[in-house]
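The values are calculated or read from the model by the stated rules, or taken from the named source; none is laboratory data. Note that the coordinates shown come from a computational prediction; the quantities given were computed from them, not determined experimentally. In this analysis, Cβ positions are derived from the backbone assuming ideal geometry, glycine residues included, and neighbour counts consider all displayed protein chains.
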Amino acid sequence: MKNSLTKTLILFAVIANLAACKKEEDSTANLVIEANYDSTNYTNNISELLPYTQSFDALVVEMKKGRTTDVQLAAYKMRNFLTNNNGVSVYTNMNSYNVDFILSMSNGWLEKAEMASGNVFNPDSTNKIGGTYGGYLFTANGHEPEQMVEKDMFGSYCVKMALQLLIINEPNLKTLDQALFLIGLTPQFKNSGATKHGVYADRYMANYLARRDKNDGNGFYSQIKFNFLKLQAALKAGAKFNKERDEAREAIKSILEKATFATVINYCHSAISNMSQTEMTPAQKAATLHSLAECAGFTMGWASMARKSISFDESMQILSLLQAKPDALGNPLLFISDRVNQVNKLNQIISLVQTEYNFSNIEIEEFKKNWVNDQNR
């Protein structure tokens, strides 16, 4: 009887041990990541964000009107798109550091755009007033307010809000859809901002993720798509996949930052190419000033971002080299009149960014390309 009881207890122990092993095995089972993003509730989930992004889009459209010489922009009208439009205030969701540099009634970029608009600009004249030149609107010193605002807000508003939802807060399936939308991605992941894709074309930062991705499955766009799919799968699967969830969250943040500064390198390359000509044409001069503003806008958008890799001081160093440090704006026209020395400054930016993100020399070379255009995607 005693032996029988002992055998029974041993049997129960073996069964319990097997069950425990099975449970542990189940808890570490591989996460199943679907090939396509589940967009079942996407439209409903992003609906509350539409008044905000529509207001931002309207501001950009309004600022672009200043590229035409006979258009006089009004700062108060542009300011309203961010402060009181569609029943929302966009600026309250921006990184606070960036707000005043855009909205200030005394020297913000919207005021500078108004002052420059309606005039013709000549970068070679000693009688400097802002105005249109080569299809863009510049201040008297050659800053381009439109790009300083738009590219700044890609970071300080769009990406900032996406990271708030994904990194600062604990994400759920609704906020995942919202972050996707704010980055400018769609559930179709077209890897292209080309207009031929209609409503599925990538916008905002996603457009630049695509431009920096050569569509070989390893680039920024491919990586961010994979990590959105991974994060969605982990959220659906529950707490046992929190490790995978958090891996995907961190990867998305890192990819967005690296792609932003890879784009800064792209525009540095573009400016260097124009500045290296024996004689710069008016179109090349305008394109150079435009590229510098893109660099500065993208950099400024990340300057005070939470939980980023690049430091605030490094961002300020880049902006200073671009003659665009926010509290001490310089003179970008030097990139036209003093090209040799200024090319060296652009190379310093490339070197700083390469070191910060450990980009290879091959990657630095590839960042020269707009892969969407090159591949006609």
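Name every residue in region 285-326 that is closer than 17 Å to ALA271 by Cβ and either modelled with pLDDT under 95 or of a type in the set (Gly, Ala, Ser) (or both), in order of residue number. Within region 285-326, ALA286, ALA287, SER291, ALA293, ALA296, GLY297, SER320, ALA324 qualify. Taking the criterion of being farther than 22 Å from VAL199 by Cβ, in a loop (DSSP other than H, G, I, E, B) and not charged (D, E, K, R), the residues of region 39-87 that qualify are THR68, THR69, VAL71, GLN72, LEU73, ALA74, ASN84, GLY87. The residues of region 289-323 that are surrounded by fewer than 24 Cβ atoms within 10 Å (Cβ to Cβ) and of a type in the set (A, V, I, L, M, F, W, C), listed by number, are MET305, ALA306, ILE310, PHE312, MET316, LEU319, LEU321. Looking at ASP216, ASP202, which is the one that is among the acidic types (Asp, Glu), farther than 17 Å from LYS369 by Cα and free of Cβ contacts under 8 Å to residues at least 24 places away in the same chain? The match here is ASP202.
Let's see how each residue does on (1) touching a residue at least 24 places away in the same chain (Cβ under 8 Å); (2) over 27 Å from VAL60 (Cα atoms); (3) part of a loop (DSSP other than H, G, I, E, B):
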| position | (1), (2), (3) |
| --- | --- |
| GLN277 | no, yes, yes |
| HIS290 | yes, no, no |
| GLU294 | yes, no, no |
| ALA306 | yes, no, yes |
| PRO332 | yes, no, yes |
| PHE335 | yes, no, no |
| ASN341 | no, yes, no |
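Could you please let me know if MET153 is under 30 Å from PRO282 (Cβ atoms), under 13 Å from the mean Cα position of the chain (by Cα), in contact (Cβ under 8 Å) with a residue 12 or more places away in the chain and buried (at least 24 other Cβ atoms within 10 Å of the Cβ)? Answer is yes for this residue. The set of residues from region 124-156 being among the aliphatic types (A, V, I, L, M) and assigned to a helix (DSSP H, G or I) comprises MET148, VAL149, MET153. The one condition from (1) closer than 25 Å to ASN98 by Cα; (2) part of a helix (DSSP H, G or I); (3) hydrophobic (A, V, I, L, M, F, W, C); (4) more than 16 Å from the chain's Cα centre (by Cα) that ALA328 does not meet is (2). Taking the numbered list (1) buried (at least 21 other Cβ atoms within 10 Å of the Cβ); (2) out of contact with any Asp or Glu (no Cβ under 9 Å at 6 or more places or on another chain); (3) under 18 Å from TRP302 (Cβ atoms); (4) of a type outside the set (S, T, N, Q) in turn, ALA251 passes all entries but (1).
In the condition set (1) of a type in the set (Val, Ile, Thr); (2) more than 30 Å from GLN342 (Cα to Cα); (3) touching a residue at least 40 places away in the same chain (Cβ under 8 Å), THR263 is compliant with all but (2). Is it true that SER39 is closer than 28 Å to LYS240 by Cα, within 26 Å of the chain's Cα centre (by Cα) and modelled with pLDDT of 95 or more? Considered against the rule, which asks whether it is closer than 28 Å to LYS240 by Cα, within 26 Å of the chain's Cα centre (by Cα) and modelled with pLDDT of 95 or more, SER39 comes out as yes. Could you check how many residues of region 343-371 are free of Cβ contacts under 8 Å to residues at least 60 places away in the same chain and assigned to a loop (DSSP other than H, G, I, E, B)? So the answer is 2.
Here is a yes/no grid of residues against (1) modelled with pLDDT of 95 or more; (2) small (Gly, Ala, Ser); (3) within 19 Å of ALA210 (Cα to Cα):
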| residue | (1), (2), (3) |
| --- | --- |
| SER156 | yes, yes, no |
| VAL159 | yes, no, yes |
| GLN164 | yes, no, no |
| ASN172 | yes, no, no |
| THR175 | yes, no, no |
| GLN178 | yes, no, no |
| PRO187 | yes, no, yes |
| ASN191 | yes, no, yes |
| HIS197 | yes, no, yes |
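When restricted to residues that are of a type outside the set (S, T, N, Q) and free of Cβ contacts under 8 Å to residues at least 40 places away in the same chain, region 308-325 contains 7.
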